[in-house]
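Visitor: Below is the structure I would like to discuss, written out as structure tokens.
Read-outs throughout are calculated quantities, based only on the coordinates presented, and are distinct from any laboratory measurement. Only a predicted model underlies this, so the values are computations on that prediction, with no experimental measurement involved. Glycine also receives a Cβ, built like all others from the backbone with ideal geometry; neighbour counts cover every protein chain displayed.
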Amino acid sequence: MTGGGLRVDELEVVRDGFRLGPVSVAVEPGTATALIGPSGAGKTTLLRAVAGFLPIRRGTISFDGHRIESTPPERRQFGWVPPGLGLFERRSVRQNVGYPLWIRGDDDWRVRTEPWLERFGLAAVADRRPYRLSSGERQRVAMARALAAGPKLLLWDEPLGALDVESVAALSAVLREVLEQERLPLLLVTHDPRTAASLAREWVILDRGLCRGSAPPGSWIDRARDRFTARFVGHRNVFGREELEAARDSRWGPVLLERAGDGGVLVPSHAIDWSLTAGSPHATVAAIRPQGDQWDIEIRDGRLSFTVGPVAGSDAPPIGASVRFDIRLDRVRGLEA
Amino acid sequence: MRLGYGLGGVLSASLLLLFVLPIAALFWTAGSAGIFAALANQGFVVSIEFTLLASAIAVAIGLLLGVPLGYFLARFEFRGRSLIESIVLLPVMIPHLVVGLGLLLVFLPGTPLGEAASAVGLPVFDHPAGVVLVMLYVGTSYVVLASQNAFRSLDRGAVEAARSLGATPAEAFWSVSLPHAASGVLTGGLLMWARGVSEVGGFLILAAAVYPGPGWGGPVTSPASVYIYNLYGTGGLAGATAASALLVLVALAIFLAVRALAGAAPRFGPLGGGG
């Protein structure tokens, strides 16, 4: 970690009976860190504290080596995009994007706003009110407005939420380009693994106000110790205790229940030994699902469904087919709650 | 389903008819000749002018006092908030004759507030200040409630975004919160104004006959509603009906003019004008 960028150390925030922390996060210039966690984990609370909207109980927040806990939000120069985007619905797109220039008394705010409107493809809708825009256009207005302020850091709650796959790809490309060009650090909150994976170099996982760790996205595959993280990072065969208890009459339910932690059990892909040829032990294909240009296969064992594959389309078995299916129990992991 | 819609339609139409019929009856009975006659009644015209001025002053003070309270009630959670909300509703709940009596007791000569009001040249009893005070008391609740609702509908994120983009708390209030709440605040102001103009009970106790001073076409006048009440008591139905019709016309004209102006006016601040 260099001296630049954002550094949050041992931060604690207590608000309305909820306690966040201690949490430590660092974001270097030109990189993005994603805050990930289930609802109520404290992700937005952390972002609002960094933005200056919540008092902190303990810990420090510094930027480029300077402590900023007592700096008011308007002087932190952080581009805070709140949940819901916080657009000014009574003002046009141009007025939204030009707001940071106007509020500083820049008489040429209209002229200086134009390049931002052009860059984010908003020129054609500049005179519309935000409520008349599509979700993607609203996201672009929020992005352009935050960047027009010339921020030192972007704080973004669900930057690409509620967008279709194509819009996520297009907007995340623009955002990545801006981050690299401007050497901007970005701290974002997301519920979407696609967004987290496409933008962030580091994932910080929060749960019930506590930090479960900070690591590059790929390493979370092996580090997942709880049900939320396991599902978020892409593990497909994650079962809660309640699911396993309801599947006591299946072949694998009782066996997995024995190995389950309070949060259930994770059966990683490399723990499943299966093949399309019939054999023993066997299981039945319940469904096939497209996965890119291949197919995932859902295998049913009583009330439990396992996902395996993908396989090429020509290899996809018919529903109801019998396949060989075994689990290497030494690779199964119990999960924390 | 169709029967339900039909029944709902009949009930709604009945209610609207109930609203419109008395006003229609006023105009039907007064006729244009009666309204012109009321216009020629110099005393009543002075009374309307006085009422409009007093209500404008009351609304200005009401907005000044009521909007901040509405904002605080909308934006902040604190102990005792529901008590404050109940106090705000008090003037709406109690009979306005009682309001007049209460204000009289508080502002009677000899009481601390009565003496203080006299000392600054605004004795309340039978004085224009009393009319404004009654209007303020019976109407400001509407400003507070309407402002509270308007500010409550504002996305907290918009205010935080404004702060983060460089606005101080005051700048964020003027440039984001208030424009958002403007139409709600305006509605509250109009309701307060209408409530003040239609008040009778409080005036009868505190300021039925006021001495507005020179330049008002007579030594004594009354709020328009009290003037009509007196016309009814002394001259019978005909004079009161014509005066009432004239008052309704003036009130409607002002109401529509304010709504039209508010709709046509640019939003707050230089950002609000053109694009």
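Visitor: Please average, across the residues of A:70-80, the number of beta carbons from any other chain that are within 10 Å of each residue's own beta carbon, and give a whole number.
Guide: For this peptide, the per-residue mean of nearby foreign Cβ atoms is 4.
Visitor: Another question about this same structure. What residue among B:44, B:203, B:19 has the largest mean-square fluctuation in a Gaussian network model of chain B, using Cα springs under 10 Å?
Guide: Fluctuation is largest for B:19.
Visitor: Further question: How far is the Cα center of region B:1-21 from the Cα center of region B:152-209, in Å?
Guide: Taking the Cα centre of each part, region B:1-21 and region B:152-209 sit 33 Å apart.
Visitor: Whole Å is fine, so just give me how far the alpha carbon centre of region A:182-196 lies from that of region A:1-63.
Guide: Spelled out, the Cα-based centre of one part sits 14 Å from the other.
Visitor: Based on Cβ point charges of +1 for Lys and Arg and -1 for Asp and Glu, what charge dipole magnitude is obtained for region A:26-148 about its Cα centre, in debye rounded to the nearest 20?
Guide: Numbers: 20 positive and 12 negative charges, 85 e Å.
Once rounded to the nearest 20, the dipole reads 400 debye.
Visitor: Further, regarding this structure: Within region A:223-259, name every residue whose backbone N is under 20 Å away from a label modeled 7 Å from Cα of residue A:280 along the Cβ vector.
Guide: Residues A:250-253, A:255 fall inside that zone.
Visitor: So, one more: Can you give the calculated 222 nm mean residue ellipticity of chain A, where each DSSP H run of n ≥ 4 adds -39,500 (n - 2.57) and the sum is split over every residue, rounded to the nearest 500 deg cm²/dmol?
Guide: -8000 deg cm²/dmol, from helical runs alone.
Visitor: Could you sort A:41-51, B:249-259 so that the peptide with the highest average Cβ count within 10 Å comes first and the rest follow in order?
Guide: Result, highest mean Cβ count within 10 Å first: A:41-51, B:249-259.
Visitor: For residue A:118 and residue A:294, compute 0.36 nm times the residue count separating them, minus their Cα-Cα distance, and round to one decimal in nm.
Guide: 59.4 nm
Visitor: Going by amide H atoms built from the backbone, whose H comes under 5 Å of the H on residue A:264, apart from near neighbours?
Guide: Those qualifying (amide H under 5 Å, at least 5 residues apart or on another chain) are A:241, A:335.
Visitor: If the elastic network links every pair of Cα atoms under 10 Å, which of A:32, A:170, A:230 fluctuates the most in the Gaussian network model of chain A?
Guide: A:170
Visitor: Still on this structure, please answer the following. Give me the Debye-computed log₁₀ of I(q)/I(0) at q = 0.25, 0.26, 0.29 Å⁻¹ for region B:1-47, equal point scatterers on Cα only, no solvent, two decimals.
Guide: So the normalised log intensities work out to -0.87, -0.89, -0.94.
Visitor: Shifting gears a bit: On a 0 to 90 degree scale, rounded to 10, what angle separates helix B:42-75 from the longest Cα axis of chain B?
Guide: Long axis of B:42-75 versus the principal axis of chain B: about 20 degrees.
Visitor: Okay, moving on. GNM on chain A, C-alpha springs below 10 Å: top fluctuator among A:194, A:241, A:132?
Guide: Per the Cα network of chain A with a 10 Å cutoff, A:132 tops the list.
Visitor: Oh, and also: From Cα pairs below 8 angstrom and at least 6 apart in sequence, can you work out the relative contact order of chain A, rounded to a whole percent? Walk me through the numbers before you get to the answer.
Guide: Working: 675 pairs, mean separation 57.4, N = 337.
Computed value for chain A: 17 percent relative contact order.
Visitor: Relative contact order, percent, of chain B when contacts are C-alpha pairs under 8 Å separated by at least 6 residues?
Guide: Over chain B, the number comes to 28 percent.
Visitor: Expected output is a single nm value to one decimal: the length gained when fully extending between residue A:62 and residue A:287, i.e. 0.36 nm times separation in residues minus the C-alpha distance. What is it?
Guide: Here the answer is 75.8 nm.
Visitor: Would you order B:205, B:228 from fewest to most other beta-carbon atoms within 10 Å of each residue's own beta-carbon?
Guide: B:205, B:228
Visitor: Further, regarding this structure: Please work out the C-alpha center-to-center distance from region A:103-151 to region B:136-151 and express it in whole Å.
Guide: First find each Cα centre; the distance between them is then 35 Å.
Visitor: For chain B, what is the mean residue ellipticity at 222 nm derived from helices alone (per DSSP H run of n ≥ 4: -39500 (n - 2.57); sum divided by total residues; nearest 500 deg cm²/dmol)?
Guide: Numbers: 12 runs with 211 residues, N = 275.
It lands at -26000 deg cm²/dmol.
Visitor: For the residue pair residue A:170 and residue A:270, what label-to-label distance in nm results when each label sits 7 Å from Cα along the Cα-to-beta-carbon direction?
Guide: The two pseudo-label positions are separated by 4.0 nm.
Visitor: Follow-up. What FRET efficiency comes out for the pair residue A:106/residue B:183, r = Cβ-Cβ distance, R0 = 30 Å, nearest 0.05? Intermediate results must be reported in sequence, preceding the final value.
Guide: Working: r = 29 Å, r/R0 = 0.95.
That gives a FRET efficiency of 0.55.
Visitor: While we're looking at this one, here's another question. Name the long-range amide H neighbours of residue A:207: under 5 Å, sequence gap of 5 or more, or other chain; modelled H, no Pro or chain starts.
Guide: So residue A:207 has HN proximity to A:212.
Visitor: Based solely on C-alpha atoms, express the radius of gyration and the Dmax of region B:2-264 in angstrom.
Guide: 21.3, 67
Visitor: Answer rounded, prolate or oblate for region B:1-93, using the Cα gyration tensor with square roots of eigenvalues a ≥ b ≥ c: rounded when a/c is under 1.5, else prolate when a/b is larger than b/c, else oblate.
Guide: oblate
Visitor: Please list, ordered by chain and number, the residues whose modelled amide H lies under 5 Å from the amide H of residue A:189; skip anything fewer than 5 residues away on the same chain.
Guide: Excluding prolines and chain starts, which carry no amide H, the hits are A:35, A:156, A:157, A:158.
Visitor: Once the Cβ-Cβ distance between residue B:36 and residue B:93 is put in as r, and R0 is 41 Å, what FRET efficiency do you end up with, to the nearest 0.05?
Guide: 0.55
Visitor: Normalised by the number of residues in region B:13-169, what is the relative contact order in percent for Cα pairs under 8 Å and 6+ residues apart? Mind showing how you got there, number by number?
Guide: Values: 95 pairs, mean separation 50.0, N = 157.
Relative contact order, region B:13-169: 32 percent.
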